[in-house]
Each structure stands twice: as structure tokens, then as C-alpha cells.
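Okay, so here's the structure we're looking at.
Quick note: the coordinates plus some simple rules give every number you see, no bench work behind them. Just so you know, these numbers come straight off a predicted model, no measurement behind them. No Cβ is skipped: glycine too gets one built from the backbone with ideal geometry, and neighbour counts run over all protein chains shown.
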Amino acid sequence: MALAGIRDLSVIQTPPEERLPIKTFVTADDDDLIKEVIQRELQRGGQVFYVYNRVQTIKKAEERVRRLVPQARVVVGHGQMPESTLADVMVKFVKGEADVLVCSTIIESGLDIPNANTIVVVDAHRMGLAQLYQLRGRVGRAGQRAYAYFLYNPLRSHSENADKRLDVISELHDLGSGFKLALKDLEIRGAGNLLGVEQHGAIAAVGLELYNSMLRDAVESQKTGTPVEMPAGLTLDLPIEHFLPREYVPDEKLRLQVYHDLAAVVDEQGLEAAERNLADRFGKPPGPVRNLVYALRVKLLARAAGIAAVETDGDWLVMRLPAGWNGDERRLESQFRSILYVRFGKVRISMTQAGAQWKERLLDVLGEIERLGRIAVAV
């Protein structure tokens with residue numbers, strides 16, 4: 001309801017005083033790494049959570065820790081232990097009489113042990129995102145630098161969603177990022193029908209951002225009693241390669257973010273700013289990137305003119321005039337007499353006649369269609 005504007009949304013982004021972000025690592029399970037991590041924490045007088053969430057074989061996890069770090073004082077705690085035994089283990093760890101607590105996810109909430117500032121989570125790919133976030137929150141509670149290691153088995157394949165969860169937990173490690181992480185979790189898992197009883201809905205199909213936008217529009221429509229007009233899609237088929245080459249933006253996630261930012265541009269001023277930003281961040285844009293900016297410029301002009309599609313048909317560029325367009329077709333033809341003609345509401349531009357300047361001519365034609373349409377409305 002808060003996302004849709006029905007209720008106000010308050011986000012607490014200010015961490016407690018002197019709290020530091022937890023350094024988070026997602027990496028393959030490795031004996032040498034575990035040994036180094038535990039020894040480093042013990043050398044600075046701290047304690048370690050070693051999370052192993054299979055109670056049936058947790059004894060093997062304890063033996064592994066003892067073998068890797070013989071000098072460490074190791075205790076085991078999990079939810080299937082007798083209550084009194086578990087209480088004794090926890091008291092011992094809290095008092096600092098043990099260095100490493102080998103445990104299940106029983107520790108994920110309700111614990112505040114200031115001296116425990118390293119957590120190692122084995123088979124992290126098996127756990128949910130909220131669970132990983134809660135486990136990470138067990139360390140770094142006393143103003144000291146804390147470390148969280150989420151380990152996965154490199155010899156076994158795991159699901160795409162597991163990869164996404166690990167990516168998110170490694171990226172969102174700043175203080176106050178819990179809300180962002182919750183939104184990512186919602187997007188990965190999918191969500192139910194917000195206005196019904198089904199536990200699956202349309203979010204996974206359209207993406208959380210678009211779903212929220214559609215939901216806001218629906219709520220606004222109910223408030224005002226006026227249907228919300230959905231923006232029409234625009235088909236663009238140009239005889240040019242327009243994309244971000246891997247060599248220009250090597251990082252895949254960053255490349256997707258750049259695409260997202262470019263898609264959000266709504267006017268020429270924003271497009272020029274985006275073009276400058278590309279050059280500043282990644283250097284002089286190659287041909288496909290310049291073509292991508294050009295294609296976005298065509299979209300902006302076409303949308304302003306009410307054109308729904310700009311397509312290639314052999315040596316011709318073809319676009320249909322918008323319904324209700326009352327501009328002067330003859331004037332349009334005379335303006336571009338050697339390269340353009342209009343028949344049955346379709347504008348056809350000859351790229352052969354336009355020659356090397358066909359890109360500029362297309363922009364000119366779109367601008368003129370928009371201008372003539374405005375003149376007709378004014379009259």
C-alpha cells in the first residue's frame with residue numbers, strides 16, 4: 001500500500017552511531033580461506049560465528065573447524081539440542097569462553113554479541129536473501145569492522161535465483177540498505193496478488209519497477225475517477241547497429257544499468273546529458289554507441305510526432321502518420337520532394353535518394369511532421 005501511495009512510507013536509513021558497514025564476501029568454500037578468516041579474527045581478540053545449517057552433520061563441521069584452527073576453542077549450538085545445553089553453550093560464547101560458535105541459523109535473530117565480528121556461512125546459496133541479511137546482522141554491532149563470508153560449493157550447480165541472491169547480498173552491504181534488499185528479494189521471489197488471495201501475481205512477468213508504476217496509475221485512477229492513459233509503445237527498426245559493445249562497457253551489470261538510464265530519457269536535454277555522461281565515463285563512443293544515441297533521438301521525435309513505428313522496407317524508411325493527423329501532406333512532400341512521398345497515411349523516405357545524409361533527413365522529417373500537426377491543431 002505504501003508503494004502505491006495508499007499509505008505513507010517511512011524508511012530508516014540512519015544507522016546507530018559508530019556503526020560501520022560490514023565487509024561482505026561471496027566466494028567458493030575453501031579450507032585455506034576459512035583457516036585464514038578465523039585466525040585473523042582470533043588474532044584481534046574477536047569471536048566467530050560458523051553457520052552450518054544441517055544439524056544431522058553439524059558434528060563434521062565442528063571437526064573441520066577444529067582441524068583447520070586447532071588452537072580455537074569451539075562450541076556447537078543448534079535448535080535440536082536440549083534447552084539447558086543450548087543455554088550453557090550460548091552463555092559460554094557470550095562470556096568469551098569460546099572462540100568459534102559452530103551453529104545452525106538459530107542465531108539469525110535476537111543475538112547481540114559485540115565481540116563476535118566475523119561470520120562464515122557455509123552453503124549460503126541454499127538460504128533465502130532475508131535469512132542471509134539477518135545472519136550478516138549478527139556481526140558488526142560494536143563499532144568494530146566486521147566481516148561476513150558467504151560460501152558456496154564450487155563443485156555443485158545451483159539455481160539462477162541462488163546466484164541472484166548472492167549477487168544482491170554482496171552488492172548491498174552499506175548501512176541502511178535493508179529496504180533496497182527487501183525490494184530485490186521481492187523481485188527475485190515474485191509476489192502475490194496484492195488485491196486478492198493468490199500467492200502469485202504479475203510482478204515476475206513485468207518486473208517490480210513497472211508493476212509499481214502500473215499499481216500507482218491504477219490507484220490514481222480510482223482516486224480521480226479518470227482512466228490513466230498508458231503511453232503507446234514505439235517500434236523502431238533502423239538499418240544500423242545500435243548497442244553498447246562489451247569492449248566499451250565491459251561490466252555486464254553496469255552495461256544493463258546504462259541501458260536502463262538511457263531508456264529513462266524523456267527529452268533532448270536529457271539525451272544530450274546522457275551522451276556527455278557516456279563520453280566522460282567510458283571515453284569516446286564507438287559507432288554502435290553513437291547509433292544508439294541516434295536511435296533514442298529518433299524515438300523522442302517520433303513519440304512527439306505521434307508516430308507509432310519507424311521501420312525499414314528495403315531501401316525505404318516507412319512510418320504511418322498518427323490517427324487524426326490533419327497536417328498538410330503536400331507541404332510535407334514539397335519540403336522533402338526528392339526523397340519522400342506520402343500515400344494512404346504512410347510516409348516513405350528513400351534512403352537511396354537521401355544518400356549519406358539519410359539519418360539527418362529522417363530527423364528533419366519527424367520534426368516537420370510534429371510541426372505540421374501542431375499547425376493543423378492551432379488552425
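Measuring nothing but how far apart in sequence close Cα pairs (under 8 Å, 6+ apart) lie, relative to its length, segment 116-166 scores a relative contact order of 51 percent. Model label points for ILE375 and ASN161, set 7 angstrom from Cα along the Cα-to-Cβ axis, are 5.9 nm apart.
Legend: calculated FRET efficiency, SER109 to ALA182, from the Cβ-Cβ distance at R0 = 22 Å, rounded to 0.05, equals 0.90.
Using only the Cα atoms of segment 308-379, build the gyration tensor, take square roots of its eigenvalues as a ≥ b ≥ c, and label the shape rounded, prolate or oblate: rounded if a/c is under 1.5, else prolate if a/b is larger than b/c, else oblate.
Prolate, because a/c is 1.5 or more and a/b exceeds b/c.
If each residue's Cβ is checked for other Cβ atoms within 10 Å, how do VAL51, VAL310 rank with the fewest at the top? Lowest to highest Cβ neighbour count: VAL310, VAL51. For the residue pairs LYS35/LYS60; LYS180/LYS223; LYS164/LYS253; LYS253/LYS284, the C-alpha atoms sit more than 19 angstrom apart in LYS180/LYS223; LYS253/LYS284. Projected label points at ASP237 and ASP328, each 7 Å from Cα along the beta carbon direction, are separated by 3.3 nanometres.
Give me the number: length gained by fully extending ARG40 to ALA87, i.e. 0.36 nm times residue separation minus the C-alpha to C-alpha distance, one decimal in nm. Could you put the intermediate results ahead of the total?
Working: separation 47, 0.36 × 47 = 16.92 nm, distance 2.74 nm.
14.2 nm is the gain from fully extending ARG40 to ALA87.
Between ASP31 and ARG290, the contour length at 0.36 nm per residue exceeds the Cα-Cα span by 88.3 nm. With contacts taken as Cα pairs under 8 Å and at least 6 residues apart, segment 230-379 reaches a relative contact order of 25 percent. Of all lysines in the structure, those lying under 16 Å Cα to Cα from LYS299, and not within fewer than 8 positions of it along the same chain, are LYS359.
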